[in-house]
Each structure stands twice: as structure tokens, then as C-alpha cells.
Amino acid sequence: MRWQPLPTDAQVIAAIEDRKETFVKRYSGGFGDPHAEPQEQWVFNHICTVLDHAKKVFEMSEDELCNPETNFKDE
């Protein structure tokens, strides 16, 4: 297998943003749908939260990420 360079943080962030935008547009019972089942709404919200957190990880410097005092709470 041939080695390929890893994508840059900016490329990963762009990919996460694109994936979230596509997910939000295509997910059945999307956010705010009054007919969505509670479990569907939970799944939708959870996936959006996971993507938001993944984006934050790539927006941080390696020093911030590895610092035990870094605040990971949502801002």
C-alpha cells in the first residue's frame, strides 16, 4: 500500500462541515419536524453534536488538545 499524506486540519474541518450539512438536508424527520418520533429526534441531535465536537477537535491546536486543563464544554 502506498503512503499518502494526511489531510490538513482545515480539510478535515471542511469535510465535517460538508458531512453535517448533507446530513441535515437529507435526514428524514429533520430538526424541528413536529412529526418526528422522539428517538429519531434524539439520533438527529446526537449525530449533529458528534460532528460539532469532531470539528472542535480539529480546530484546536495539539497543545490545547493535550492539555488536561483545556475546557471541552460547549461554548
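Please count how many residues of segment 36-75 are within 17 Å of residue 24 (Cα to Cα) and not in a loop (DSSP other than H, G, I, E, B).
Total meeting the criteria: 18.
Among the residues of segment 1-37, write down those that are acidic (Asp, Glu), surrounded by fewer than 11 Cβ atoms within 10 Å (Cβ to Cβ) and at pLDDT 85 or above. Let's see the steps before the verdict.
Residues of segment 1-37 that are acidic (Asp, Glu), as a first pass: 9, 17-18, 21, 33, 37.
This time we only want the ones that are surrounded by fewer than 11 Cβ atoms within 10 Å (Cβ to Cβ), so: 18, 37.
Of everything in segment 1-37, just one residue is acidic (Asp, Glu), surrounded by fewer than 11 Cβ atoms within 10 Å (Cβ to Cβ) and at pLDDT 85 or above, namely 18.
The values are calculated or read from the model by the stated rules, or taken from the named source; none is laboratory data. Everything numeric here is computed off the predicted structure, so don't read it as measured data. All Cβ positions, even for glycine, are placed from backbone atoms using ideal geometry, and neighbour counts span all protein chains on display.
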